[in-house]
Amino acid sequence: MPLESDDYFIRPATEEDVEALFDICLMTADAGTDASALYSDRRLPGYVWAVPYLKFAPDFAFVLAGRQRVVGYVVGTPDTAAFDRELRQSWWPHVRQEIAAFSPSTPKDVDVLERIANPHSGTLGLETLYPAHLHINILPEAQSGGWGRAMIETLLGVFSKRGVPAVHLGVSPANERAKGFYRRLGFEELSQNGHLAFVMKLNRPAV
């Protein structure tokens, strides 16, 4: 799959993409579909699952850009434990201050506020064997064109060049389409502490 076509191209994310990441995260936060009705603050999902990666792991953040706007992103970190330490110091205090006056009015609001109060990234328990993790979301208009595979392969290529041994990602058990997608890419399914994850070894040693 080429990294560019007449309609879309993959490029490194920049600071100018922050609002697009907030929007795309919200528009895909309900098991891959629009979650606008589930959150009373449009930025809540992006605080957790998108924007901090651009801010604190920019070498591992890419967007799918169209002629008019950004329509997807893939973000990640090569070292989940180190990433969490940096976010505890430099990201979550800022977010908590930004939402200090916010009052939750939906169950999903409450869920994200709990995550912000007690943060972790990736899937708990996997960071030792699979230290890297990633998130990918693409708006419906750009799905089913091979771009998801191309974006994942772009990020995995960067991980491999940096010597990352293995990667994981979490998936909603309700998102059957995503589960099939990751299986086709060669990820292995793994249940961990009540959560569904997909894992892949990188930089396999020669035998």
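Coordinate-derived values only; no laboratory data. Computed from a predicted structure; not experimentally measured. Every residue, glycine among them, receives a Cβ derived from its backbone with ideal geometry; neighbour counts consider all protein chains shown.
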- Task: Starting from the Cα coordinates of region 160-207, work out the convex hull volume and express it per residue in Å³.
- Result: 90
- Task: Enter the Cα centre distance for the pair region 1-75 and region 163-185, rounded to the nearest angstrom.
- Result: 18
- Message: I'd like the FRET efficiency for K161 and N193, computed as 1/(1 + (r/R0)^6) with the beta carbon distance as r and R0 of 22 Å, rounded to 0.05.
- Response: 0.10
- Please give the length that would be gained between K201 and L185 if that part of the chain were fully extended, namely 0.36 nm times their separation in residues minus their C-alpha to C-alpha distance (nm, one decimal). 4.5 nm
- Message: Eigenvalues of the Cα gyration tensor times 5, then square-rooted: what semi-axes does that give for the chain, in whole angstrom, largest first?
- Response: 25, 21, 17
